[in-house]
Amino acid sequence: MKKISSAVVKMTVVLVAVCSLIIAANAGYVSESLKSQDIKGRQPAQMNAYANISFTIFEGDGCGCTPLQGVPINATGRDTEHSASGLTDEEGMCVLPLEDGKTYRVSIEEVDHESVLFDFDVVDNQMFQFHVKFIDTSTVTHFSIIQMILQKLLALKH
């Protein structure tokens with residue numbers, strides 16, 4: 001009988017110890033879970049990461065190209081409210097901080113030069129380089145506003 005009661009006592013002690021460990025582990029998990037929920041509730045909106053996107057604008061082709069200073073560059077977010085703009089420096093460069101993982105539409109327009117318009121996804125600190133050509137306006141035929149509208153309408157139909 002002593003052997004049986006001794007075995008029952010040992011089993012009871014082991015069961016109590018195992019249950020205590022399980023309860024303590026669950027209490028720790030619940031406590032950590034509540035803490036993380038509390039922290040999440042108090043944190044300000046997550047700061048978005050930004051990449052430095054550089055744009056360099058040159059006039060001409062090949063080795064004879066020259067950097068264009070003061071060219072406006074505009075980046076408008078397509079899937080974000082963030083936008084950025086700037087002007088190229090004396091080296092023809094402009095760096096814009098754009099939100100990582102987002103899509104932007106970039107427009108580059110300089111008087112008497114080709115315009116650039118493109119969309120891209122920000123994936124890292126990307127670098128873009130453009131060689132825009134001078135537009136000779138002396139050979140351009142000037143149209144009235146009505147003629148331009150008619151040309152646009154005809155182009156849409158084709």
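What follows draws every value from the coordinates through simple rules; no lab data is involved. In this text the structure is predicted, and so the values were computed from the model without any measurement. Quick reminder, even Gly has a Cβ in these numbers, built from the backbone with ideal geometry, and neighbours come from all protein chains shown.
Values computed for the structure shown
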| item | result |
| --- | --- |
| Difference of contour (0.36 nm per residue) and Cα-Cα distance, residue 85 to residue 51 | 10.8 nm |
| Local electrostatic count at residue 75 - Lys and Arg +1, Asp and Glu -1, tallied over other residues with Cβ under 11 Å | +1 |
| Equivalent ellipsoid dimensions for segment 52-152 as semi-axes, Å, which come from the Cα gyration tensor, largest first | 27, 20, 10 |
| Cβ charges +1 (Lys, Arg) and -1 (Asp, Glu), total dipole of segment 52-152, debye | 400 |
